[in-house]
Every structure is written in C-alpha cells, then in structure tokens.
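Enquirer: Here you go, one structure.
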Amino acid sequence: MVEQDQDPRYFRLIPVRKKPRKPGCLLAFILSLTLLGGLFWIGWQRGWFPSRRVIAGHIASLSQASSYTGETNDDRTHPFAPDISATPSPTSSPSLTPAPATATLTPAPTRIAYYGTVIYAARKDGYSHLWSYSPGDAYSTILTTGSWDDRDPAISPDGKIVAFASNRDGYWDLYLLDLNSLDVRRLTDTPLYEGRPAWSLDSKWICYEADDNGDLDLWISETEGSQLFQLTDYSGADLAPVWDPAKRRIAFVSDRDGNSDIFIANLEEPEDRFSNLTNTSLISEKDPAFSPDGSLLAYSENKDGIDRLMIRSMELSDAPAVQVGHGVRPAWSPDGQILTAILRMPNESQIVSYSISGAIVVPIGLSLENGSHGITWSSIGLAVDTLTRLSEMPTDEPLYYAQIDQQAEGIDRTNIVAIDRLEAPNAMLSDAADEAFNALRQRVIEEVGWDFLGQLENAFVGMNDPLPPGYAYNDWLYTGRAFAFNQAIVLARWAEVVREDHGEETYWRVFIKVKSQDGSRGEPLREYPWDFGKRFCGDVEGYDQGGGLRDQIPKGYYIDFTEIAADYGFLRVPALPNWRYYYQGAHFNEYALIDDLDWTEAMLEIYPAEAIRTPTPFRTPTATPTRTPWPTATPWWWRQPTATASPLGT
C-alpha cells in the first residue's frame with residue numbers, strides 16, 4: 001500500500017499482510033468478466049458506442065468512394081448527384097463536347113506509393129505544367145509540357161483521372177488527364193474562362209468557376225454527358241468550389257456580403273440554398289478543402305500579412321476554427337491524416353505538409369521558384385510504364401540566351417548597352433540584363449497585344465543621377481539590372497496592382513489588361529486591387545494606410561505580369577517602410593534581375609571598387625545657399641502609355 005505524506009512528491013510504503021483467496025470468489029470473478037465481455041461485444045456490433053459509429057461512418061465513406069456502381073435499391077437519385085431544382089441551361093450557355101466511348105483496359109502495374117501521389121501545378125520555362133511527386137522521393141516528375149498553361153488539378157475519387165484547367169487550345173477550358181495512359185480529353189469548349197474544377201464523389205459531375213461578361217459564377221456539368229446547370233448567379237465573384245464527399249453540398253468563396261467569405265451551397269435546399277460559413281468582415285478567407293470524410297473543412301485566411309491555414313469542424317457548428325499552420329490552396333491526403341499547402345514567399349514558394357492526427361509522416365518540402373497553381377492528392381501511384389514515358393518526355397527550350405560582350409582587355413566589368421526603340425531617361429541596361437529584358441518585352445507584347453515595356457519611367461540610372469527623394473542609396477536601378485515601368489499605365493487603369501504583405505514587408509503583384517477582351521488572352525481578376533487614390537479622398541483611414549482596396553473587382557481579362565517577369569528572372573522589389581505616406585516609396589513598378597547577387601556585387605559588375613566605396617551620391621563639400629533646381633522634364637504623371645500591337649523588330 002502507498003500512503004501519501006505531507007509533501008505530495010514523496011511516498012512511503014506500508015507492508016500489508018495478504019489474505020488467502022477463496023475458490024468461490026475466483027469463480028464469481030470469472031463469471032462476471034465473461035458476462036461483461038459478452039455485453040460489450042453485443043453493444044459494439046450494434047453501434048451503441050460513439051467510437052464504433054465514428055469508425056463505421058469513416059469506413060463507409062471511404063468504401064463508398066471506391067465501390068459505388070451507379071445503381072440504387074430504390075428510385076431515388078444518387079445522394080451525390082447535383083439534383084439542381086432548375087432546368088438545364090439553354091443552348092446559349094457554355095456547351096460540352098460529348099465524351100467518346102472508351103474501352104475497358106487491363107489495369108497496368110503501378111508503382112508502390114505508401115503515401116499516394118501528390119499532383120501539383122508549377123511553372124517551368126515560362127508556363128504552368130502539371131507535376132507528380134510521391135512523398136519520400138528526391139525529385140518530381142513532369143506530367144504535361146507545351147507552350148501553354150495547365151493548372152488547378154483536381155483528382156477523381158478513384159485517384160486515376162486529373163481534371164485541370166488549360167489554355168492549350170486558345171481559351172481557358174477544362175480537360176481530363178488519364179494518369180495511366182496520359183491521354184487528355186477536352187471537357188468544355190467555350191470562349192469563356194473556366195477553371196478550378198471539383199469532382200463529386202461518384203465522379204459523374206464536376207463543379208467549376210466560369211466567367212460570363214465579367215461575372216464569375218459556379219456551374220455543374222456531367223463528365224460523361226452534356227447536362228449543364230448553373231449553381232450561382234450573383235453579380236460579384238463566386239469561385240473556388242469544392243464538393244463535400246459526405247453530403248450533397250458545395251463549399252465555395254464569395255464576396256456577396258462585402259468580403260471574401262466561405263459559403264456553403266446545400267443542394268438539398270433549393271429555396272434557402274446558400275449560407276455564409278465564416279462571415280468575417282475584416283478577414284478574407286479563400287481556398288476551401290473538405291477532408292476525405294467531410295467532417296473537416298480546411299481553408300486559408302490572410303491576417304497581418306500572414307497566410308494562416310485554418311481547419312473548421314463541419315459537424316459542430318459552434319466549434320471555432322483552429323490554426324494548423326501557414327499557407328494557401330490546402331489539399332488533404334487520401335487518408336485525411338496530412339494537409340498540404342503552398343507556403344508563399346515574396347519571390348518563391350514551397351509545398352509544405354502538416355500532420356493532422358499527430359502521427360509521424362514523411363515531410364513534403366518542395367521548393368518552387370515561381371509559385372504553384374493548385375495541389376491535389378491521388379491515393380495510388382503512377383503506372384510503371386507511365387513513369388518510363390514521362391522520363392523520356394522532351395524538355396522545353398530556354399526562354400532566352402544571355403550573351404555578354406567583354407570590355408577592353410584588362411577590364412573585368414560589364415558594359416552598359418542601349419535598348420532598341422525604348423523610351424526612357426537613359427534607354428540603357430547592363431549587358432547582363434538586356435537579353436532577358438528584350439525577351440520579356442516581346443513575351444508581354446504577345447500576351448497583352450501592346451508594348452507595355454516600350455516606355456519606362458527609369459532603366460539604368462547613373463550613380464550620380466538623382467532619383468526622387470526617399471529612394472534608398474542602394475536602389476537596383478543604379479546597377480543597370482532593373483527597370484521601372486510607367487506608373488501612368490496604372491493611373492489609366494490599364495494595369496492593376498494587388499497588395500501582398502509578407503510579414504512586415506509589402507510587395508505588389510501587377511496585372512496588365514489585355515487588348516483583346518474575348519477570352520483568348522488573360523483571365524479574370526479574383527482579388528481586389530489596391531487604390532492609391534483613396535489617400536486623397538478625405539478618408540482618414542485611407543490617408544493613414546496609403547490608400548485602400550477598390551470597391552469592387554474590375555471586370556475584364558488580365559495577365560499576371562509579376563509571374564511572367566519572374567520567369568525571365570526579374571523579381572519585384574519590396575516597398576520602402578515609408579510607402580504609406582510617401583507615394584514613390586511604394587516601388588510597385590520596379591523589377592530587378594538579381595541572379596543571386598547582392599547590390600554591391602551587382603554594382604561591381606559595372607563600376608570599379610573605388611567608385612562605390614562611398615554609398616551616397618557625390619555631394620559638394622560646402623553647402624550652397626540657393627536651392628538646386630530640378631530638371632524641367634514632363635512630370636511622370638502626365639505621361640500617357642503608348643499602346644501598340646506591333647512586335648519588336650518590325
């Protein structure tokens with residue numbers, strides 16, 4: 001026996017004399033144990049215990065995803081069919097190309113993948129492609145190539161087919177990729193934008209976002225037929241749908257209540273179908289993702305410049321959301337134990353993983369130079385012959401070839417060269433950056449239809465040339481490796497800037513409006529741009545914050561210039577700490593070809609070391625009593641962009 005002393009940390013042992021056991025007591029103990037065991041077995045089989053019901057429901061939801069054959073025991077509709085209480089859309093709505101009949105194939109041997117296969121979209125050589133990765137591998141395998149963008153992958157419930165969005169045929173449409181044969185089938189064929197597909201559990205329906213006259217709405221279509229339904233018809237943005245694998249409902253993002261919130265569309269309630277799940281006025285949520293059993297919903301929110309990964313219970317309505325990590329575009333593993341996400345950084349991203357159950361799992365840490373456009377997770381490995389064919393897939397050509405001409409013998413520095421047909425105060429760049437700039441300029445002309453980079457606010461700036469007050473002494477414009485596009489283009493609304501906070505630093509993502517607005521180029525905006533003009537409208541908050549979000553998302557089609565510039569090595573620079581009260585400090589229009597150099601190393605490419613020992617421009621030794629006049633050139637805000645569709649060299 002153990003007896004507690006005054007101090008609970010110490011105990012003393014007291015010997016106790018054992019009494020002899022009687023045979024009757026032992027027999028009664030055995031009978032009681034047998035009776036309790038029998039009652040427990042009966043209760044477990046009949047589901048009297050909560051743990052039994054939870055496990056049974058989980059197993060049923062997983063088995064139903066793989067064993068459903070489309071047959072029912074009564075005349076009711078399958079529980080995962082859309083059952084929209086409306087007639088199919090008229091012929092003027094987006095149409096579908098009927099799927100050809102497919103023959104039954106013998107399953108090919110697949111590679112053993114204990115954690116399944118992660119399918120994600122990432123950029124390479126100027127375009128987004130689909131990639132596959134098995135956790136634990138040392139490298140990824142590219143699934144698609146070509147001079148077009150493939151993104152927004154979504155795996156079918158059986159893990160064999162990937163639905164994705166692509167502009168390979170000129171417009172953004174939906175396609176289906178068979179992971180066994182690598183065959184691609186077109187699902188939609190319209191001049192409208194379509195993206196972010198999501199599967200129903202029976203694989204018969206796909207919900208996606210589509211643009212019609214500048215309005216993003218949700219549509220539901222058959223995968224093997226021509227039926228098409230419109231789920232939402234709201235004047236704002238309804239996007240990023242995801243299908244609940246356990247119930248007839250769809251989660252999506254909408255700004256119909258004034259802010260980006262997570263909404264639920266209950267397909268069982270045609271009269272009162274939509275409900276705001278998050279309903280936060282100061283925090284914008286996006287990217288919903290249901291767990292495999294439908295009990296949890298993951299999504300991302302941005303607060304204080306940090307993308308937080310949240311999980312919310314769908315069974316306990318009063319339970320608060322819980323933060324599990326950081327990132328955007330979450331995706332669940334097939335067993336629901338791991339949650340992956342894209343961790344965004346200013347000029348690169350990583351695919352990271354979080355353990356939900358606390359179990360030790362193989363970490364996923366894929367580094368992506370230029371971001372990712374979606375993740376999904378297949379429960380099976382790729383076929384062996386598929387992996388062999390993918391390894392033999394040809395690689396794309398580089399976007400440009402750099403050629404540096406040396407200076408005179410004995411001078412180990414880089415020249416400053418003139419850029420043809422460029423309007424700028426000094427139409428020159430470093431010889432280490434001119435090929436990259438010319439290739440980027442030509443690519444932007446092809447994408448938007450006009451010469452966005454034909455007129456610059458600044459290119460190369462001499463070491464003693466003045467920049468506007470407030471610029472840092474180590475600005476990249478001095479290196480000849482940077483440029484600043486004309487800010488008048490933003491003021492004229494031919495380009496929009498979206499604010500992105502990364503911790504305490506502010507960056508800007510630039511979107512350029514394409515000349516042809518027929519859907520053949522660009523895509524709709526999904527985020528509210530930043531309006532610097534709100535600082536001058538008498539709004540106290542706008543004045544303190546250096547502007548504010550626009551009242552609505554502009555309509556039209558845009559390209560992501562920040563993303564394309566990064567393909568050619570030009571990275572955006574952060575805003576100065578004073579940007580809220582000093583407009584020039586925003587630096588939203590400046591991009592630099594850094595190439596893993598720091599500012600001093602870049603300066604030493606074009607200047608001798610003794611020329612940059614003093615980090616400030618030359619100043620006279622004595623103060624002048626009179627004010628030094630500035631040049632009387634035309635102010636930048638009166639410059640108008642020159643829109644031309646003619647390619648370079650013509």
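The values are calculated or read from the model by the stated rules, or taken from the named source; none is laboratory data. None of these values were measured; they are calculated from a predicted model. Don't worry about glycine lacking a Cβ; one is built from the backbone with ideal geometry, like all the others, and counts go over all protein chains shown.
Enquirer: Failed condition for residue 182, given (1) assigned to a loop (DSSP other than H, G, I, E, B); (2) under 25 Å from residue 297 (Cα atoms), with all others met?
Expert: (2)
For (1) in contact (Cβ under 8 Å) with a residue 60 or more places away in the chain; (2) among the acidic types (Asp, Glu); (3) under 20 Å from residue 553 (Cα atoms), each residue gets a yes or a no:
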site: 201; (1), (2), (3): yes, no, no
site: 210; (1), (2), (3): yes, no, yes
site: 254; (1), (2), (3): no, no, yes
site: 272; (1), (2), (3): no, yes, no
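Enquirer: Out of curiosity, is residue 308 in contact (Cβ under 8 Å) with a residue 60 or more places away in the chain and among the basic types (Lys, Arg)?
Expert: Spelling it out, it is not the case that residue 308 is in contact (Cβ under 8 Å) with a residue 60 or more places away in the chain and among the basic types (Lys, Arg).
Enquirer: Would you call residue 590 at pLDDT 95 or above, in the same structural domain as residue 508 (by TED's automatic domain parsing) and out of contact with any Ser or Thr (no Cβ under 8 Å at 6 or more places or on another chain)?
Expert: So residue 590 fits the description; yes.
Enquirer: Ok, one more. Residues 274, 263, 290: which one is among the aromatic types (Phe, Trp, Tyr) and within 17 Å of residue 331 (Cβ to Cβ)?
Expert: Just one listed residue meets the conditions, 290.
Enquirer: Only one of (1) surrounded by 22 or more Cβ atoms within 10 Å (Cβ to Cβ); (2) under 22 Å from the mean Cα position of the chain (by Cα); (3) over 24 Å from residue 215 (Cα atoms) is not met by residue 478, so which one is it?
Expert: Among (1) surrounded by 22 or more Cβ atoms within 10 Å (Cβ to Cβ); (2) under 22 Å from the mean Cα position of the chain (by Cα); (3) over 24 Å from residue 215 (Cα atoms), the lone unmet condition for residue 478 is (2).
Enquirer: Separate question: Take residues that are among the aliphatic types (A, V, I, L, M) and in contact with a strand residue (DSSP E or B) (Cβ under 7 Å, 6 or more places away or on another chain) and tell me which of the strands (runs of 3 or more DSSP E) falling wholly in the stretch 271-351 contain 3 or more.
Expert: 296-303, 306-313, 338-344
Enquirer: Out of curiosity, is residue 557 closer than 22 Å to residue 238 by Cα, among the aromatic types (Phe, Trp, Tyr) and surrounded by 19 or more Cβ atoms within 10 Å (Cβ to Cβ)?
Expert: Yes, satisfied.
Enquirer: Suppose we keep only residues that are among the small types (Gly, Ala, Ser) and either closer than 26 Å to residue 285 by Cα or not in a loop (DSSP other than H, G, I, E, B) (or both) within the stretch 222-249. Which one would you say is farthest from the chain's Cα centre (by Cα)?
Expert: Only one residue tops the list, namely 246.
Enquirer: Which is aliphatic (A, V, I, L, M), within 17 Å of the chain's Cα centre (by Cα), under 21 Å from residue 188 (Cα atoms) and not assigned by TED's automatic domain parsing to the domain that holds residue 447, of 155, 161?
Expert: Result of the check over 155, 161: 155.
Enquirer: Right, next: Checking residue 293 against (1) of a type in the set (Asp, Glu); (2) modelled with pLDDT of 90 or more; (3) touching a helix residue (DSSP H, G or I) at 6+ places or on another chain (Cβ under 9 Å); (4) closer than 30 Å to residue 575 by Cα, only one condition comes out false. Which one?
Expert: Here residue 293 clears every test but (4).
Enquirer: Can I ask one more? Can you tell me which condition residue 578 does not meet? The list is (1) assigned to a helix (DSSP H, G or I); (2) out of contact with any Lys or Arg (no Cβ under 8 Å at 6 or more places or on another chain), and all the others hold.
Expert: Every listed condition holds for residue 578 apart from (1).
Enquirer: In addition: I'm trying to understand the selection: among the residues of the stretch 588-617, which are within 27 Å of the chain's Cα centre (by Cα) and touching a residue at least 24 places away in the same chain (Cβ under 8 Å)?
Expert: 588, 589, 590, 591, 592, 593, 594, 595
Enquirer: Would you check if there is a residue in the stretch 226-245 being surrounded by fewer than 17 Cβ atoms within 10 Å (Cβ to Cβ) and more than 30 Å from residue 550 (Cα to Cα)?
Expert: yes
Enquirer: State whether the residues of the stretch 206-227 include one that is polar (S, T, N, Q) and within 18 Å of residue 275 (Cβ to Cβ).
Expert: No; the residues of the stretch 206-227 include none that is polar (S, T, N, Q) and within 18 Å of residue 275 (Cβ to Cβ).
Enquirer: Please enumerate the residues belonging to the stretch 329-376 that are crowded, with 16+ Cβ neighbours inside 10 Å and small (Gly, Ala, Ser).
Expert: Selection gives 331, 333, 336, 341, 349, 353, 371, 372, 374.
Enquirer: Six or more apart or on different chains, Cβ atoms under 8 Å: show the pairs whose first residue is in the stretch 351-380 and of a type in the set (D, E, K, R) and whose second is modelled with pLDDT under 90 and surrounded by fewer than 19 Cβ atoms within 10 Å (Cβ to Cβ).
Expert: That search, which allows pairs on different chains as well, returns 369/348.
Enquirer: So residue 499 passes all but one of these: (1) more than 24 Å from the chain's Cα centre (by Cα); (2) closer than 30 Å to residue 459 by Cβ; (3) crowded, with 19+ Cβ neighbours inside 10 Å. Which condition number does it fail?
Expert: So residue 499 meets the others, but not (1).
Enquirer: If you don't mind, another one. Condition test on residue 491, is it modelled with pLDDT of 90 or more and closer than 23 Å to residue 420 by Cβ?
Expert: Spelling it out, it is not the case that residue 491 is modelled with pLDDT of 90 or more and closer than 23 Å to residue 420 by Cβ.
Enquirer: Go through the stretch 521-538 and report how many residues are closer than 16 Å to residue 552 by Cβ and charged (D, E, K, R).
Expert: Residues flagged as closer than 16 Å to residue 552 by Cβ and charged (D, E, K, R) within the stretch 521-538 amount to 4.
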